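Notes follow once the structure below has been shown.
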Amino acid sequence: MNKSHSYFRLLFVAIALLASRPLTLHAQREKLPPEDLDFVEKKWPGAKRTFTGLRYLIVKKPETEGPSPVPGMMVSVHYKGMLLNGTVFDQSPDAAHPLTIRLGRNELIDGWEEALQKMHKGEQWLLIVPPELGYGARGKPPTIPRRATLVFEMELVDFGPK
């Protein structure tokens, strides 16, 4: 193989890679399955999207915005977890008993880990979690099917080092 042939072959490969890059990057950013994406965009058009594909709406802001929790802190959360069709699969028992758990210990789904570190005490969010940031391809039988997009109503009640 001569040098000019190798040069043109390399140039062709480089151009092909660059031409396909914008499509690849777009596909990597969107984490919701196409049918779920259509539903979510129609039902919650104002939802913000993070770079990981997590979507959220701030339902209630606190009177004063303080710091957010960081990994290692204990967080207390009221929540209701639903499938896109509205079926409730889990929720905190009542106002007196929020879920209390430590951030950053792989005890929460990735969508919660990310969201809780952005929330402020007293804030309420509607969180839309793509399968990749939830229970993924395996789901959590029998309540959460495989590749399910999840919706959570969440309130960060409190947090601290505890």
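The values are calculated or read from the model by the stated rules, or taken from the named source; none is laboratory data. Because the structure is a prediction, the values reported are computed rather than measured. Here the Cβ is made from the backbone with ideal geometry for all residues, glycine too, and neighbour counts use every protein chain on show.
Scanning region 69-88 for residues that are crowded, with 16+ Cβ neighbours inside 10 Å and in contact with a Lys or Arg (Cβ under 8 Å, 6 or more places away or on another chain) returns Met73, Val75.
Within region 134-153, restricting attention to residues that are among the aliphatic types (A, V, I, L, M) and in a loop (DSSP other than H, G, I, E, B), the residue that is nearest to the chain's Cα centre (by Cα) is Ala148. Restricting attention to region 93-138, the residues being hydrophobic (A, V, I, L, M, F, W, C), farther than 18 Å from Met73 by Cβ and in contact with a Gly (Cβ under 8 Å, 6 or more places away or on another chain) number 3. Just one of the listed residues (Asn85, Asn106) is under 20 Å from Gly46 (Cα atoms) and without any contact (Cβ under 8 Å) to a residue 60 or more places away in the chain, and it is Asn85. The test for being in the same structural domain as Ile109 (by TED's automatic domain parsing), more than 14 Å from the chain's Cα centre (by Cα), assigned to a strand (DSSP E or B) and aliphatic (A, V, I, L, M) holds for Val75.
So, in region 27-55, of the ones that are in contact with a helix residue (DSSP H, G or I) (Cβ under 7 Å, 6 or more places away or on another chain) and of a type in the set (Lys, Arg), which residue ends up modelled with the lowest pLDDT? Checked region 27-55; the qualifying residue modelled with the lowest pLDDT is Lys31.
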